1. Only one of ARG17, ARG11, ARG48, ARG70 is touching a strand residue (DSSP E or B) at 6+ places or on another chain (Cβ under 8 Å), basic (Lys, Arg) and at pLDDT below 90; which?
2. Could you check the stretch 96-146 and list, in sequence order, the residues that are small (Gly, Ala, Ser) and loosely packed, with under 11 Cβ neighbours inside 10 Å?
3. Given the conditions (1) modelled with pLDDT of 90 or more; (2) over 27 Å from ARG17 (Cα atoms), report the number of the one that LYS107 does not fulfil.
4. Got a number for residues in the stretch 15-43 being under 18 Å from the mean Cα position of the chain (by Cα) and not hydroxyl-bearing (Ser, Thr, Tyr)?
Amino acid sequence: MESENVELKDRLDKGARPQFGALLVTGLYDKKGIMTETMKSKTVDKIRVTFDVLENPMVTQPLEEEVIIRIIDPNGGVLSTTNSKLTDKSKVTSLKQTIQFDGALQKVKWSFPEKGLLTGKLMKGKYTAELWTRGLMRQKNNFTLE
């Protein structure tokens, strides 16, 4: 009976984790102080990343979850604000933040870079955005800049 209780507790703990809705990515440019959507590579000043943290009634007490977003350019490089010299490219992140989750639906909207605007222009092509938590990729979405 005790081993069954331990197994049930493990299952409940696994079920009491945040689940994520669709990961959406949009380019933004600064039009006289107002951020406006664009998918033209030469005008992108920021990238907006949005996703939902879905309602989960199994979460009985608030928890913290570290969320990592990786934005990968058409050549396979990860957009990053740090000039990292990491040899393991899988460790390079675009955004890394901790969310507070209490089981209720949350809408998350982040910008890359968090402060300021992108330096340099982005290339045309197909980009990939990945959402990671606990070492696992939870969402992946592609977007194309013209």
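1. Details: ARG11 fails: touching a strand residue (DSSP E or B) at 6+ places or on another chain (Cβ under 8 Å); ARG48 fails: at pLDDT below 90; ARG70 fails: at pLDDT below 90.
Only one candidate passes the filter, namely ARG17.
2. Just the residues of the stretch 96-146 that are small (Gly, Ala, Ser), to begin with: 103-104, 111, 116, 120, 125, 129, 135.
Within the stretch 96-146, GLY116, GLY120, GLY135 qualify.
3. If we test LYS107 against (1) modelled with pLDDT of 90 or more; (2) over 27 Å from ARG17 (Cα atoms), just (2) comes out false.
4. So the first thing to find is which residues in the stretch 15-43 are under 18 Å from the mean Cα position of the chain (by Cα), and the list is 17-28.
Narrowing further to those that are not hydroxyl-bearing (Ser, Thr, Tyr): 17-25, 27-28.
Matching residues across the stretch 15-43 total 11.
A quick yes/no check of all residues on (1) under 19 Å from LYS40 (Cα atoms); (2) outside any strand (DSSP E or B):
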residue: THR98; (1), (2): no, no
residue: VAL108; (1), (2): no, no
residue: LEU118; (1), (2): yes, yes
residue: LYS121; (1), (2): yes, yes
residue: GLU130; (1), (2): no, no
residue: ARG138; (1), (2): no, no
residue: THR144; (1), (2): yes, no
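The values are calculated or read from the model by the stated rules, or taken from the named source; none is laboratory data. These numbers were taken from a predicted model, which means no experiment stands behind them. Because the Cβ atoms are built from the backbone with ideal geometry, glycine has one as well, and the counts that use them run over all protein chains shown.
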